[in-house]
Amino acid sequence: MKRQDPEIRYREKLRHEQKILEEFAAHEIEWADDLLLWYRIRKQEIPDDEYRAVAFFKNREYRRKPGSLTLLYTMYQRCLEELPPPTKEIAFDLVSYRYKVYAITLEKGGFS
């Protein structure tokens, strides 16, 4: 069996990573919609920092800011590792916290 050319391997890895990031973005857009709905149901005003992160995904700003989606994906992975497993009782708090962290990450990363 013939080994692949390094350029072909690079393109395959790049395509695979792009697919992961696209799935992450679609997933986060759905969660952003859910977070807005939860705030509306609770009749509460969404905090500005959380709204900034929600708007970042809803407006697809990551397309105009290279590297921002990768940065948020790494933060998402950290949140999965460090936060407790989601349950029905704490789901809202976990999602709102995650979007607060996204807003801080975007600001510190220079993407605000």
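Read-outs: derived from the displayed coordinates by stated rules, not from any lab. What you see is a predicted model, and the numbers here were worked out from it, not measured in a lab. In this analysis, Cβ positions are derived from the backbone assuming ideal geometry, glycine residues included, and neighbour counts consider all displayed protein chains.
Annotation note: GluC sites (Glu not before Pro) in segment 68-101 located in DSSP loop regions with a Cβ neighbour count of at most 16 within 10 Å are E89. Across segment 99-112, coupling constants 3J(HN,Hα) worked out from phi with the 6.51/-1.76/1.60 Karplus curve, θ = phi - 60°, read 6, 5, 5, 4, 5, 5, 5, 4, 5, 5, x, x, 10, 7 Hz, and Gly and Pro carry x. Result for the chain in a Gaussian network model with C-alpha springs under 10 Å: among E50, E23, E12, the largest mean-square fluctuation is at E12. Positive contributions from Lys and Arg (+1) and negative ones from Asp and Glu (-1), summed over other residues with Cβ under 13 Å from the Cβ of F56, come out at +2. For K88, the aspartates and glutamates whose Cα falls under 19 Å of its own Cα, not counting residues fewer than eight places away in the same chain, are E28, E30, D33, D34. Taking the inverse of the mean reciprocal distance over all distinct Cα pairs, the Kirkwood hydrodynamic radius of the chain comes to 15.4 Å. Comparing Y99, Y39, Y62 in a Gaussian network model of the chain where C-alpha atoms under 10 Å apart are linked, the largest mean-square fluctuation is found at Y39.
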